[in-house]
Amino acid sequence: MGRPAYACSSCGNLLEVKMDIAESITRLSKVDHRSRPISVWRYRELLPLGRSAEVFSLGEGGTPLFRCSRLARELGLKNLHIKFEGANPTGSFKDRGMTVGISKAKELGMKIVTCASTGNTSASLAAYAGLAGMRCVVLIPEGKVAIGKLAQAMMHGAMVASVKGNFDQAFKVVMDSSERLGLYVLNSVNPFRIEGQKTAAYEICDQLEGKSPEYLYIPVGNGGNSAAYWKGFTEYEALGAVPNRPIIRGIQAEGSAPIARMFSTQSDEIVPVSKPETVATAIRIGNPANWKKTVRAIRESGGRATTVTDREILEAQKMMARFEGIFAEPAGSAALAGMIKDVNNGDLDKASEVVCVSTGHGLKDPDIAISQCVKPATIEASVDALRMFVGG
Ligand code: F0G
């Protein structure tokens, strides 16, 4: 077995799986993949795993694409959907990448897996590593990981180290040490994870019955997921499954927005943010590992990356919860916040078909939710007390 590689040794760019379109069309023609339940593994022929490889699955993907008519009416939109990735087994989109990433790691004979994480990657990796009987080491930024995510990583049996620093520093430690310590990295620099995540784009096209939306709003942290969606849409178009691709609008939190800054300054080089801050701790990243891939993807789509404030994120979180019954974590509300901002600024045609990606479940971060809501009243155990409480 050779050494695992994540980047090209000559140009330094991250590796990417390239699909052989003709071969994939032949493979797909031999199966009726659309008769399978919608999920990551519906698209097995389009995923880079050996035919005899074992698949480690918890039933990831197949998440709902909600048509949000109450929100749409409120905002004056015609056609708004939310792809709710919080409905994945560990509560975030990371499970798509991990089912493929861990199955591949096992196929390659890896024994110990690792990641640095703002929370969701570690929760997901811990769960899938446990399922595959592998050891798992995760590094998280000290004090900045939502409590639900930490509980998951610990409960699933990962070795959890809290690093004195932010995500970018923890990630550097992982990359600097993985080879020496024999750890297989399952951050989004791992190309097999991106392959799993691209299936969300296939699913949206299938759920919209054979087309892409006109706009896709998606939060951007490290940039892996937005690049994965673009890869998925691009492949599905090349395979002849859809006639179009969406315009991608990447949304970053104002205090952690090096990619949006590149767009506003029309620069070709990233300037990392040394002290990223945002209430959306999942995307509290100042030096995104996948910036090149995602900037290329967003530009190719004719889109752009912009920012939202913490207040806008929290308002969108509440709107989603109250109008549509969808409870998302703050980062999982950033895409909607960005879309609302565009609507208010006249930067989005209200008749367009729009999909916002909500990337993680609200139960991951109960502290943030509780801090925004009215505390429960304490009342006597009587009908009268309840009558008083509900106002007569
Ligand atoms: N939304 C959520 C809920 C996330 O957890 C993340 C990333 C993103 C959006 C951004 O995705 O990095 O691919 O651009 N979370 C990583 C983690 C960094 O460690 O859990 P991206």
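Since every read-out is calculated from the coordinates, none of them should be taken as a lab result. Please read these numbers as outputs of a predicted model, since none were measured by experiment. No Cβ is skipped: glycine too gets one built from the backbone with ideal geometry, and neighbour counts run over all protein chains shown.
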Determine by what factor the alpha-carbon radius of gyration of the stretch 188-271 differs from 2.2 N^0.38 Å, reporting the quotient. 1.16
How about the stretch 86-154: which trypsin sites (Lys or Arg not before Pro) there lie in a loop by DSSP and see at most 13 other Cβ atoms within 10 Å? K111
At 0.36 nm per residue, and after removing the present C-alpha to C-alpha distance, how many nm does the segment from A7 to N244 gain when stretched out fully? 82.3 nm
At the level of C-alpha centres, the distance separating the stretch 371-392 and the stretch 240-317, in angstrom, is 43
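Only Lys, Arg, Asp and Glu count, each charged at its Cβ (+1, +1, -1, -1), so figure out the dipole size of the stretch 286-372 about its Cα centre, rounded to 20 debye.
Charge dipole, the stretch 286-372, about its Cα centre: 320 debye, nearest 20.
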Pairs beyond 19 Å (Cα-Cα), from K18/K231; K144/K164; K144/K275; K94/K231; K318/K350: K318/K350
What full-extension length gain, to one decimal in nm, is calculated for L363 and E209 as 0.36 nm per residue of separation minus the Cα-Cα distance? 52.4 nm
Would you kindly state how much longer the chain becomes between Q169 and L58 on full extension, computed as 0.36 nm times their sequence separation minus their alpha carbon distance, in nm to one decimal? 36.9 nm
Per residue and in cubic angstrom, what volume does the convex hull of the Cα atoms of the chain have? 160
Quick one: if you take sqrt(5λ) for each eigenvalue of the C-alpha gyration tensor of the stretch 239-358, what semi-axes come out, biggest first, whole angstrom? 22, 21, 13
Of G302, T281, S178, which is farthest on the positive side of the dipole of the chain, counting Cα position, with +1 on Lys and Arg Cβ, -1 on Asp and Glu Cβ, and the Cα centre as origin? S178
Ellipticity estimate at 222 nm from DSSP helix runs (n ≥ 4, -39,500 (n - 2.57)) divided over the chain, nearest 500: -12000 deg cm²/dmol
Go through the stretch 144-160 residue by residue and turn each phi into a ³J(HN,Hα) via Karplus (6.51, -1.76, 1.60, θ = phi - 60°); whole Hz please, and just put x for glycine and proline. 10, 10, 4, 4, x, 5, 5, 4, 4, 4, 5, 5, 7, x, 6, 7, 10
FRET efficiency for K78 and N345, Cβ-Cβ distance as r, R0 = 22 Å, nearest 0.05? 0.75
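Placing unit charges on C-beta atoms (Lys and Arg positive, Asp and Glu negative, everything else neutral), compute the dipole magnitude of the chain about its Cα centre in debye, rounded to 20.
480
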Using 1/(1 + (r/R0)^6) with R0 = 22 angstrom and r between the beta carbons of E380 and A151, what's the FRET efficiency to the nearest 0.05? 0.05
Might you report the magnitude of the Cβ-based charge dipole of the stretch 105-223 about its Cα centre, with Lys and Arg at +1 and Asp and Glu at -1, to the nearest 20 debye? 480
Projected onto the charge dipole of the chain (unit charges on the beta-carbon of Lys, Arg, Asp and Glu, signs +1, +1, -1, -1), the Cα from A105, L77, N290 with the largest positive-side position is that of A105
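Count neighbours as other Cβ atoms within 10 Å of each site's Cβ, and list the trypsin sites (Lys or Arg not before Pro) in the stretch 45-93 that are DSSP loop with at most 16 such neighbours. Show your work: numbers first, answer last.
Details: sites: R51, R67, R70, R73, K78, K83; in loops: R51, K78.
In loop regions of the stretch 45-93 (DSSP not H, G, I, E or B), the sparsely surrounded trypsin sites (Lys or Arg not before Pro) are R51, K78.
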